[in-house]
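First up is the structure itself, then whatever we jot down about it.
The values are calculated or read from the model by the stated rules, or taken from the named source; none is laboratory data. Remember, it's a predicted structure, so these values are computed and weren't measured experimentally. We place every Cβ from the backbone using ideal geometry, glycine too, and count neighbours over all the protein chains shown.
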Number of protein chains: 2
Amino acid sequence: MRVAVLGTGTVGRAWAARLTELGHDVVVGTRDPAVSRERDEGWAGARLATFAEAVAGADLVVNALSGAVCEDVLTALAPSLEGAVVMDISNPLDFSAGFPPTLFVKDTDSLGERLQRALPGMRFVKAVNTLNASLQVRPPTEGSVFVAGDDEQAKALVVGLLTEVGHRDIIDLGDITASRGLEMFLPLWLRLMGALHTAEFTIKVVRPG
Amino acid sequence: MRVAVLGTGTVGRAWAARLTELGHDVVVGTRDPAVSRERDEGWAGARLATFAEAVAGADLVVNALSGAVCEDVLTALAPSLEGAVVMDISNPLDFSAGFPPTLFVKDTDSLGERLQRALPGMRFVKAVNTLNASLQVRPPTEGSVFVAGDDEQAKALVVGLLTEVGHRDIIDLGDITASRGLEMFLPLWLRLMGALHTAEFTIKVVRPG
């Protein structure tokens, strides 16, 4: 599958490397490919390109951009992304007052919904934003992940990809408004990271009986 | 132990019944004991009394009141609760716009912190607000619960009680500010309840390796 991974942070790099390893044709989109290439020459076999070049002809777009910038970047690409499936891993973290970050949208709205409203031509699927990057692409044997989105076909594509990287318990939470709960999980995730002294944990939903 | 359970909703009734079963001396505090008694005659062996009578001489107070009213009720009892340990199960749910509820405090503050600030003579321990009432008092074999609070001795008392009712993985998230994450988990909990068609689930924190 031709995958465009937008963003060159920890999340974007993890997905680019893993999907390349699995045989997908991955192009990493970045504001300035030359600068990104200078920072790291490897890129695990994935090509670096401008955002516009990366999304051209992509079957799936991975939004691994920071929550603060992704709406602007995707809006600029909108004409090329009519009908595109966007796996949205972003979180609306606001670090302006330091650590811990607060959420710049929450409770009665979410970043997932905001993106879907602003860009109705794209099909957003909120996914794996509740996990550390390394576990998003190489999940432990136990643990649950979640998807949310308005388009069933788009969700099926994302669920297929998550299955391919190794996720076994993928819970469909329904439409894109479930992004609220998924993004509002971040404060608990951050406290757990502090208490456990590691980001390498996951949560498993246990159904008794 | 003399336990005062404040509140006669699902959560208060579950704790009153379970702690009585375990041999504790439980008094359930309610606004009008006669009215509560008429609604249900059983009360599983626990006595019903006014809020003030219930907390007199209690070793532990269980805040099983609704988020909307608990600050007022506890404030009125403050003179009797100097130094008291309060296990706070409340969630700041606002149902004024229907379902799903929103949170009337979040992100940069929490109900747990608000109570601790308003009532500095009490020692609040946020606990088990992430679980359905029935699982709070009779946990499944797998699953994690969380505590948060500023007073280590108070937390130890609550952890002891949680252990007694059957919790096995009790994670201390640190001071009372962790209430933010614990209360902001509710929107995800509500979506999971919808997706799983049951409230009888829990989450387990899985540490790989």
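Among the conditions (1) at pLDDT 95 or above; (2) in a loop (DSSP other than H, G, I, E, B), A:Leu192 misses just one, which is (2). So the check is Cβ under 7 Å with 6+ separation or different chains; which pairs have a first residue in segment A:38-60 that's on the phi > 0 side of the Ramachandran plot and a second one that's modelled with pLDDT of 95 or more and outside any helix (DSSP H, G or I)? Every condition considered, the pairs that remain are A:Trp43/A:Val28; A:Gly57/A:Arg2.
For A:Ala64, the criteria (1) surrounded by 22 or more Cβ atoms within 10 Å (Cβ to Cβ); (2) modelled with pLDDT under 95 hold in every case but one, which is (2). Against the condition of a type in the set (D, E, K, R) and facing chain B (nearest Cβ under 8 Å), how does A:Glu183 come out, does it pass? For A:Glu183, the condition - of a type in the set (D, E, K, R) and facing chain B (nearest Cβ under 8 Å) - is not met.
If you check B:Val62 against the conditions, is it in contact with a Leu (Cβ under 9 Å, 6 or more places away or on another chain), β-branched (Val, Ile, Thr) and under 22 Å from B:Asn129 (Cα atoms)?
Values: in contact with a Leu (Cβ under 9 Å, 6 or more places away or on another chain): yes; β-branched (Val, Ile, Thr): yes; under 22 Å from B:Asn129 (Cα atoms): yes.
So B:Val62 fits the description; yes.
B:Ala97 meets the stated requirement of being at pLDDT below 95 and not in a strand (DSSP E or B).
Being under 26 Å from A:Ile170 (Cα atoms) and within 13 Å of chain A (Cβ to nearest Cβ) holds for only one residue in B:Val205, B:Val105, and it is B:Val205.
So which residues in segment B:1-27 are among the small types (Gly, Ala, Ser) and under 16 Å from B:Gly160 (Cβ atoms)?
Selection gives B:Gly23 alone.
Only one entry of A:Val158, A:Val165 meets the criterion of being out of contact with any helix residue (DSSP H, G or I) (no Cβ under 9 Å at 6 or more places or on another chain) and among the hydrophobic types (A, V, I, L, M, F, W, C), and that entry is A:Val158.
Each residue in segment A:140-178 was checked for being among the hydroxyl-bearing types (Ser, Thr, Tyr) and within 17 Å of A:Met122 (Cα to Cα), and 1 of them qualify. Answer yes or no as to whether A:Ala199 is in contact with a helix residue (DSSP H, G or I) (Cβ under 7 Å, 6 or more places away or on another chain), modelled with pLDDT of 95 or more, within 13 Å of chain B (Cβ to nearest Cβ) and assigned to a loop (DSSP other than H, G, I, E, B). The answer is yes for A:Ala199. I'm trying to understand the selection: among the residues of segment A:139-178, which are within 11 Å of another protein chain (Cβ to nearest Cβ), in a helix (DSSP H, G or I) and among the hydroxyl-bearing types (Ser, Thr, Tyr)? Of everything in segment A:139-178, just one residue is within 11 Å of another protein chain (Cβ to nearest Cβ), in a helix (DSSP H, G or I) and among the hydroxyl-bearing types (Ser, Thr, Tyr), namely A:Thr177.
Yes/no matrix, rows are residues, columns are (1) charged (D, E, K, R); (2) in contact with a Pro (Cβ under 9 Å, 6 or more places away or on another chain):
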{"site": "A:Arg31", "(1), (2)": "yes, no"}
{"site": "A:Val35", "(1), (2)": "no, no"}
{"site": "A:Trp43", "(1), (2)": "no, no"}
{"site": "A:Glu53", "(1), (2)": "yes, yes"}
{"site": "A:Gly83", "(1), (2)": "no, no"}
{"site": "A:Met87", "(1), (2)": "no, no"}
{"site": "A:Leu93", "(1), (2)": "no, yes"}
{"site": "A:Ser110", "(1), (2)": "no, yes"}
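A:Gly181 meets each of the listed conditions (1) part of a helix (DSSP H, G or I); (2) touching a residue at least 40 places away in the same chain (Cβ under 8 Å); (3) buried (at least 23 other Cβ atoms within 10 Å of the Cβ) apart from (2). Note on segment A:108-133: residues that are of a type in the set (Gly, Ala, Ser) and within 10 Å of chain B (Cβ to nearest Cβ) amount to 1.
Flag: A:Glu113 does not match the condition of being of a type in the set (D, E, K, R) and assigned to a loop (DSSP other than H, G, I, E, B).
Quick check on my filter: what residues within segment B:124-138 are outside any helix (DSSP H, G or I) and surrounded by fewer than 23 Cβ atoms within 10 Å (Cβ to Cβ)? Those that are outside any helix (DSSP H, G or I) and surrounded by fewer than 23 Cβ atoms within 10 Å (Cβ to Cβ): B:Asn132, B:Arg138.
Among the residues in segment B:28-37, are any buried (at least 17 other Cβ atoms within 10 Å of the Cβ), aliphatic (A, V, I, L, M) and under 14 Å from B:Gly7 (Cα atoms)? Checked against the condition, which is being buried (at least 17 other Cβ atoms within 10 Å of the Cβ), aliphatic (A, V, I, L, M) and under 14 Å from B:Gly7 (Cα atoms), segment B:28-37 yields at least one hit.
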